[in-house]
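One structure is given below, encoded as structure tokens.
Nothing in this text is a laboratory measurement; each read-out follows from the coordinates by a stated rule. All of these numbers come straight from a predicted model, not from anything done at the bench. Don't worry about glycine lacking a Cβ; one is built from the backbone with ideal geometry, like all the others, and counts go over all protein chains shown.
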Amino acid sequence: MAKESLKMLHFEKICEILNDYDYRPDKLIPILREIQEEYRYLPEEVMTFVASSLDISPARVFGVATFFEHFKLSPRGKYVIKICDGTACHVKGSMNLYNTIKEKIGLGDEEETTDDLLFTLETVSCLGACGLAPVMVINDKVYGQLTPEKTEKIIEDIIKKEKDGEEE
Amino acid sequence: MCIDFDKIKNDFSSKEKNIQKRIIICAGTGCVANGSLEVYEEFVKILEDKNMDVVVDLHKENDENKKGYHVSKSGCQGFCQMGPLVAIEPEGILYVKIKPEDVKDIVEKTIKNNEIINEYLYTDPKTEKFCETKEEIPFYREQKRYVLKECGVIDPSDIKEYIYRGGYESAKKVYTEYSPKEVCEEISRAGLRGRGGGGFPTGKKWEFTRVKESKKKYIICNGDEGDPGAFMDRSIMEGNPHSVIEGMMIAAKAVGADKGYIYVRTEYPLAVKRIKKAIKDAEEMNILGDNIFGTDESYHLEVMEGAGAFVCGEETALMSSIEGKRGMPMPKPPYPADKGLWEKPTVINNVETLATVPLIIRDGSTEFKKIGTENSPGTKVFALTGNVPNTGLIEVPFGTTIREIIYDIGGGVLNKDGKIDNDSFKAVQIGGPSGGCLTEEELDIEMDFDKLVDIGAMVGSGGLVVIGKNTCIVQVAQFFMQFTQNESCGKCVPCREGTKQLLALLNEIIDGKGNAETLDELERLSKVITNSSLCGLGKTAPSPVLSTLKNFRAEYEAHVIQDKCIAGECEALLTPEIDPEKCRGCTLCSKVCPVDAIEGEPKKVHTIDEEKCIKCGSCAEKCNFEAIKGV
Amino acid sequence: MENKKYIEIDNRKVEIEDERNILELARKANIDIPTFCYHSELSIYGACRLCMVEIEGRGLTTSCSTKPEPGMKIKTNTRQLREIRKTIIELILANHDKNCPTCQKNQSCKLQDLARRFDIDEISFKQTEKDEPKDESSHALIRDPNKCILCGDCVRMCNEIQGIGALDFAYRGAKVQVLPAFGHDISDVDCVNCGQCARVCPTGAIVPKKEIDEVWEKIDEDKMVVAQIAPAVRVSLGEYFGKEPGEVSTGQIVSALKMLGVDKVYDTSFTADLTVLEEGAEFLERLETDQNLPQFSSCCPGWVKFAEQYFPELLDNISSCKSPQQMFGSLAKKILPEKNNIEEEDLSVISIMPCTAKKYEAKREELKDEIDNVITTQELGLMIEQAGIDFNSLEPESLDMPFGFKTGGGVIFGSSGGVSEAVLRYVSEKVTGKKSDSYEYRETRGEEGIREVTVNLDGKEINMAIVYGLANAKKVAKDVLNDKCKYDFIEVMACPGGCIGGAGQPVSYDLETIKRRGESLYQIDKSLHLHKPQDNPYITECYDDVLDEIGSKRAHELLHTKYYNKQRISKEGLELIKQSKDKKIEIGVCVGTNCYVKGSQELLRRIMQYIQKKGYSDIVDAQATFCFENCSQAPVVRIGDELINGCTFDKAMNVLEEKIKNI
């Protein structure tokens, strides 16, 4: 029941967002951003709905959504892990962290999100926290000066927390 | 209605008088990541527990009569590596790497009893002396913090503190005393050049836009900082957002714009939050909006969050995305001054440039010109990273040499074990993906816009990455090429297809498949891309390749002719060998080798025949002691 | 004093007139600067970088995006420029499917041509092309991403000229692709099959779908095969065989078709004449009753699908007449079997059209089986080549009767404005009741994409709009909806210049070609005996024999059709309350554009609230759906099996309560 009303709210929310932006096609990017905050990704139906509401072509909405890194077209994990691969982090071994996590959460090649929708793993170009390199962000929390060991521990803690939560 | 700055200042200073000590906790992204917010909470909690008057918000009514301790958060203080940073005023004490559990101690000793705790101070590794204040720390001492001066001191979310420290006076001056032409002239006289890349004279840019007849004009602040390894714009937007707004207001007056956009990278949520709050506060105070300072002029600001595309740092791409389109650059001409956002005359300046503007108006162009060099007056903020002990955000006048930055501010060069070893310097990469790699010989050049271009680099957005001997220069070039390739918008052929081919060529070299022709091909293609790409990103995409080819040709040649990677980073070019220290003589490797390249008696150190080895890697996989390298 | 302004290109003085860029000016000076992404009809894009030139004192710049300024000294061919061009072409080729012999664009491909011109004998770069599947879902077009060079010509054409945007760029950097929305098949999105994307595509990335093999099969099958030739074909097929644009080759086409094995060759202009009478009568009736005005023409299948997608509320305004192609099919299948003493299934009707959308039209549910195959002008050219016929040396032959006889009115249908002029030729005599010697309405002719024409017929004013390009059509249609104009009749053609600019015509990137084809059609009109469709004796005979009267029931059965609202993107509804198997009642609220505008979103919100409040969540499923294709009755709600048009909240609740009671 809770889930159902949540879905309904979401749809209302889209109309609210469109209203807030006065149905202006030039506001497509902020509109998509806010919609993604609701859904955590951009479902196709929603993009079509946005296109017809703004009187632009669905292909254009798709084009904008796929141009920007920020927009995601498939459901994302509960924990989104972003490994910074900016210069400083790269030099300090950010890809080692990436591989460690990838193995730990059992992601296959070309995969970003785990099947249980718990984790999404990706790299970003620079988080602007170079002084703390290498850096990663999980959802909104920044972790700096990492080593593969530290990273593994952080992931383990999350997995454990989730397991405990389930058992309760 | 005119805002009474004096009243705000008096109010502020009378409140500040009641404050015995101010504890400033750095809340820049770096320190937050290291737990500075917890430190902040802990300060508030412990001070409250001890019934000491805590002031969190100076302007809260019931806090007014407290003669207490002001705990505030600041923007980035620059020394990110040493975070969380805690500054205690008025003494100017700086504590580094503070954890919540240290707070109790600090309150007991330093706050209550003015006792300095050495273990929290920064120790100068050269002299091994404790540094009590920022001024004693070489990292700060050798800088000239001009634009960043208030960052890391003031509370970025308190507009009154900004005004108390002279903020918005410059805006008021130009709105009430200057004609648009005079503003342009003053900025031109100051010789201010755009900090975002090419260094175009700001006054000229404004003047071009000013003379365009149009009812609608725009000022855009380009905060889409995306160079990997640069974060100065973020720091300014987080640490002193009002300085950016004030700069935009002055620009607006200069060209006759009534609307502006601040374009901020989406990866900088804190900057977005702070800028949004600053706009709201400025509007509430009638500083922004209609009838600015009692004139009939208006200026309205909107924040546009980027959605993650490096190319949107290019001005025409940035404008496309404000218009709700894919961020693909357009050919120039027409230039934005002519046909910019919505085809209207538009000025696009970068964050640092705009934050410098109020200071020029405050100090006057003559004073400003005293800083920096003849052709590049003023200061520049750099993000110093890589193999140096002191990384962080630094500000120096133009004309400073890179040697001074690396050795005096950065504290020297680190070797692969993390020890200071100045012999391990190899190169410094400046200007991000559009810039170049400089060598030892170029460290003494007095840096400014033109001199860097002369040697094939550029100020760019100001990333400075120190690269040690253990880093392979081909891989550095490849890293940047991979970046540009990912971030290319894909519109024009040279950038989209050309960078793909450059990357393939670099990979060939790294994989040991290159030859002398590969280098020629790299050079030839790089030049075509430079000459024919549509936008600045494409035109400068080959810079990392061209500058490393020029300065480190021998290292490239070693890869393609002698099949050697000097830094020992390119696995395909490693010599297969067995570490005699680690080998136990278990014979597993010789058994598994398909070409019988490994010899050795049981219990004795084995050896690999380099000629026979096909680098299949089976031996290393089998080895339990990690003794085999280079296969 | 002389006011002329000059520029120097490759050491030669060239006068600046009103050229919008250096590239156009160079063309005037007979220098063809290579380009993929510049088209005079589209916006400037600046992506291929081939058209770079060197301006003294300014360095390298793209000539497409630079305005000529007096005194400029320009070099278009230097060592550096050649190197750039060569490298760019090589870079493109390194990422291109180079199976030229099996490519439909072989020998008319710009990339192939430039590779030859720049003497590319080797590609020094690594091959990076990927093997992406072709999209063959459409009846009209084939999209082959492996041949796309990302010049964006199709994207801008579809967006700027046609106002649709069925194709756009997707993704970024090396992954960039031109795709229909969400990467769907092109037949599942808002594409109207006009094929203008294919017309401007420099390579074989989008090409018209061929039906040649099917036609050969029909010819081989010992069936009676009849062909109709559209007006625009006769003035362009010659180009395929190296003749000047506009050269008329009707007679040779007939001979060639006969040699190919076609039994009878007829003229679409005949049924165009017929269309004029039916559409004209319909128009007169609407004028009289003042209903469903303005009347939109219906000859162009691209426009019809466009209207069905975007302007459902105007569907009643579109003439119910089938297009001349379909009228021909319908009539041929009705009359010819009996006449020739064969079974209907032993007759094959093929059409030769300048158009790709006609392929789609022939396969529409309401019209299918009238036309068996549609081939384009290009395909006919290819068939003639396959048969080894020396087209240029053929002796002309005449069209077969009766469907080969036409008036000039039926011929000018191929040009924008032609339908309007032909209709005027009929309507004027009907309104005035007088026969007149003149027949030309020159005010209907022209090159502008939107032309307004007012004709005074004995005091009766008729306001017309003549439109080509669907973006223009969108503009006019919106004006109609917003009551911003007072037209009585609106002619819409999707393609620039009308059918003569269709995507099935021989490849030409020059708008001058289209102009010359048009001029030829009006020449044919002049040279013909009769000009007014109502004077066509065979049409009269047709009415006498089969059709009864103009606008009769019989004529409607055979010659008229219906239109349906179409979803822009086919897909399932957006589910708002999770579906469970034991739910008894489903509610679907349309949130398509039209219903949306009429407040369906608010309606849905209230229905949802109601369901929640009443605790019906377990028995009622509510969904936002995208279209019931009933847009003129918006907002539309479906409750169970009941479709409620013009639904209000109260109406919906009444029905819902009723249904719940009945469970």
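Here each label is just a point 7 Å from Cα along the line to Cβ, and for C:Lys478 and C:Lys368 those points are 3.6 nm apart. For trypsin sites (Lys or Arg not before Pro), the sites in segment B:508-606 that DSSP calls loop and that have at most 10 other Cβ atoms within 10 Å are B:Lys603.
A Förster distance of 25 Å, applied to the separation of the beta-carbon atoms of B:Thr607 and B:Asp563, puts the FRET efficiency at 0.80.
Estimated at 0.36 nm per residue, the fully extended path between C:Asp119 and C:Glu338 surpasses their Cα-Cα distance by 72.8 nm. Note that segment B:156-203 shows a convex hull volume over its alpha carbon atoms of 98 Å³ per residue.
For B:Trp342 and C:Lys130, FRET efficiency with R0 = 41 Å and r from the beta-carbon atoms, rounded to 0.05? Please list the in-between numbers first.
Working: r = 38 Å, r/R0 = 0.92.
The formula returns an efficiency of 0.65 here.
With label points built 7 Å along Cα→Cβ from the Cα atoms of C:Gln386 and C:Glu345, find their separation and express it in nm. The answer from the label model is 2.5 nm.
In order along segment B:571-578, phi translates into HN-Hα couplings of 4, 5, 9, 6, 7, x, 7, 10 Hz, rounded to whole numbers, per the Karplus curve 6.51 cos²θ - 1.76 cosθ + 1.60 with θ = phi - 60° and x for Gly and Pro. In chain B, the calculated helix contribution to ellipticity at 222 nm averages -10000 deg cm²/dmol per residue, counting -39,500 (n - 2.57) for every DSSP H run with n ≥ 4.
Excluding B:Cys131 itself, what net charge comes from residues whose Cβ is under 12 Å from its Cβ, given Lys and Arg +1 and Asp and Glu -1?
For residues surrounding B:Cys131, the net value is -1.
Please compute the net charge surrounding A:Asn96, taking Lys and Arg as +1 and Asp and Glu as -1 over other residues with Cβ under 13 Å from its Cβ. Combined, the nearby Lys, Arg, Asp and Glu give 0. Overall size of chain B from C-alpha positions, given as principal axis extents largest first: 91, 64, 41 Å.
Only Cα pairs under 8 Å and 6+ residues apart enter the sum, and on that basis the relative contact order of chain A stands at 18 percent. The distance linking segment C:1-43 with segment C:421-452 is 38 Å (Cα centroid to Cα centroid, whole angstrom).
With the simple model of a label 7 Å out from the Cα in the direction of the Cβ, A:Ile159 to B:Met52 spans 4.5 nm. In chain C, the DSSP beta bridges split such that about 55 percent are antiparallel, to the nearest 5. Reported to the nearest whole Å, the Cα centre-to-centre distance from segment B:345-385 to segment C:349-410 is 71. With a sphere of radius 9 Å drawn around the Cβ of C:Tyr487, what net charge do the other residues whose Cβ falls strictly inside it have (Lys, Arg +1; Asp, Glu -1)? Net charge in that neighbourhood comes out at -2. Here segment B:13-141 carries DSSP beta bridges of which approximately 55% are antiparallel, counting only pairs with both residues inside. Only helical runs count toward this figure. For chain C, summing -39,500 (n - 2.57) over DSSP H runs of n ≥ 4 and dividing by all residues gives -10000 deg cm²/dmol at 222 nm. Direction-averaged projected area, Cα convex hull, the protein assembly as shown: 66.7 nm², rounded to one decimal.
Work out which helices of chain B, taken as complete DSSP H runs, extend at least 20 Å along their axis over the Cα atoms and score a mean Kyte-Doolittle of -0.5 or more, then list them. Walk me through the numbers before you get to the answer.
Working: long enough: B:241-255 (22 Å, 0.88); B:269-284 (23 Å, -0.61); B:473-487 (21 Å, 0.22); B:516-532 (25 Å, -0.41).
Those that clear 20 Å and a mean of -0.5 are B:241-255, B:473-487, B:516-532.
One decimal place: the segment B:Glu571-B:Lys527 gains 12.9 nm when fully extended, by the rule 0.36 nm per residue minus the C-alpha distance. Charges were assigned to the Cβ only: +1 to each Lys and Arg, -1 to each Asp and Glu. The resulting dipole of segment B:13-141 about its Cα centre is roughly 220 debye.
Over the residues of chain A, the helix contribution to mean residue ellipticity at 222 nm works out to -16500 deg cm²/dmol, using -39500 (n - 2.57) for each DSSP H run of at least 4. Any idea which of B:Leu502, B:Cys565, B:Val388 is furthest toward the positive side of the dipole for chain B, if Lys and Arg beta-carbons carry +1 and Asp and Glu beta-carbons -1? Result: B:Leu502. Shape annotation for chain C: C-alpha extents along the principal axes are 87, 63, 63 Å, from largest to smallest.
Compute, for segment C:42-167, the length of the dipole vector about the Cα centre, with Cβ point charges of +1 (Lys, Arg) and -1 (Asp, Glu) only. Units Debye, rounded to 20.
Numbers: 20 positive and 18 negative charges, 91 e Å.
Dipole of segment C:42-167, to the nearest 20 debye: 440 debye.
Give me the percent of DSSP beta bridges within chain B that run antiparallel, rounded to the nearest 5. Before the final figure, lay out the partial values.
Working: 33 of 62 bridges.
Counting DSSP beta bridges with both partners in chain B, the antiparallel share is about 55 percent.
Under the definition of Cα pairs under 8 Å and six or more residues apart, what whole-number percent is the relative contact order of chain C? Before the final figure, lay out each step's value.
Details: 1260 pairs, mean separation 85.2, N = 663.
With pairs under 8 Å counted, the relative contact order is 13 percent.
Here the extension length gained between C:Gln80 and C:Glu448 equals 128.4 nm, from 0.36 nm per residue of separation less the Cα-Cα distance.
Note on segment C:341-468: with charges restricted to the Cβ of Lys and Arg (+1) and Asp and Glu (-1), its dipole about the Cα centre is near 760 debye. Applying a DSSP loop filter and a limit of 15 other Cβ atoms within 10 Å to the trypsin sites (Lys or Arg not before Pro) in segment C:410-453 leaves C:Lys434, C:Lys435. Shape of segment C:389-527 from the C-alpha gyration tensor: oblate (a/c of 1.5 or more and a/b not above b/c, with a ≥ b ≥ c the square roots of its eigenvalues).
For C:Lys584 and A:Asp20, the FRET efficiency from 1/(1 + (r/R0)^6), where r spans their Cβ atoms and R0 equals 25 Å, is about 0.10. In plain terms, the C-alpha convex hull of segment C:88-208 casts an average shadow of 7.4 nm² when viewed from every direction.
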